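Worksheet: the structure to be examined is printed underneath.
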Amino acid sequence: MESASQDINLNSPNKGLLSDTMTDVPVDSGASARAAAPEGLTLAEEEELRSELAKVEEEIGTLRQVLAAKERHCGELKRKLGLTPLDGLKQNLSKSWHDVQVSNAYVKTSEKLGEWNDKVTQSDLYLSASSTLEDWNEKLTQSEAYKKTQETLSQAGQKTSAALSNVSSVISRKLGDMRNSATFKSFEDRVGTIKSRMVGSRENSTDGLHSPSGAGDKPPQDNAPF
């Protein structure tokens with residue numbers, strides 16, 4: 001028995017391995033459990049506790065089976081509704097964020113941040129810095145360099161608009177001169193002549209198709225002999 005107990009020792013390199021002599025030795029689990037029971041319990045109390053433990057373990061097993069069945073049923077319902085695992089993740093994240101927002105830690109942190117903000121905005125340093133920035137802004141907008149820069153930008157915009165207007169008027173004038181030139185008028189006359197000829201030839205061809213021939217104007221003669 002001494003060698004067998006050494007083999008079962010967790011610190012032994014042969015832990016988890018049973019010797020051949022231990023395979024045929026019956027183990028009394030009840031006796032070992034009773035030996036490990038704490039002192040101060042009577043046999044009846046120990047048996048009662050063991051009976052209650054067995055019932056609780058049986059109830060846990062039953063609840064696990066029920067939970068597994070409920071989870072399968074829930075998955076089937078989600079599949080029929082077309083709900084994906086991503087939808088469930090979104091719902092869980094939304095619920096978690098809502099729980100965080102209504103938690104005492106979040107509320108207290110928000111209140112603290114609000115108090116700090118009020119203290120900072122009402123502090124002398126903050127008011128002095130804001131007043132200094134306003135003074136700098138006012139001095140900058142009233143400085144000669146700022147005014148000259150504004151005038152320069154305004155003049156540049158006016159010059160750009162005038163240049164664009166001049167370009168537009170020059171293009172319009174050039175187009176008018178081109179239409180009044182002899183070359184353009186000669187081109188228009190040629191185009192008009194070609195157009196009138198085409199229209200006239202089309203009308204003549206149409207009249208020739210619809211008008212009867214000269215021979216057809218005369219009625220047919222009766223050449224029958226008397």
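The values are calculated or read from the model by the stated rules, or taken from the named source; none is laboratory data. What you see is a predicted model; the values in this text were computed from it and never measured. Please note that ligands, DNA and RNA were not included when accessible areas were found on the heavy atoms of the full protein model with its side chains. Shrake-Rupley method; radii C 1.70, N 1.55, O 1.52, S 1.80 Å.
General remarks:
- Scan region 28-61 for residues that are open to solvent by less than 70 Å² (accessible area, probe 1.4 Å) and modelled with pLDDT of 90 or more and the total you get is 5.
- Within region 80-96, the set of residues being among the basic types (Lys, Arg) and at pLDDT below 90 comprises LYS90, LYS95.
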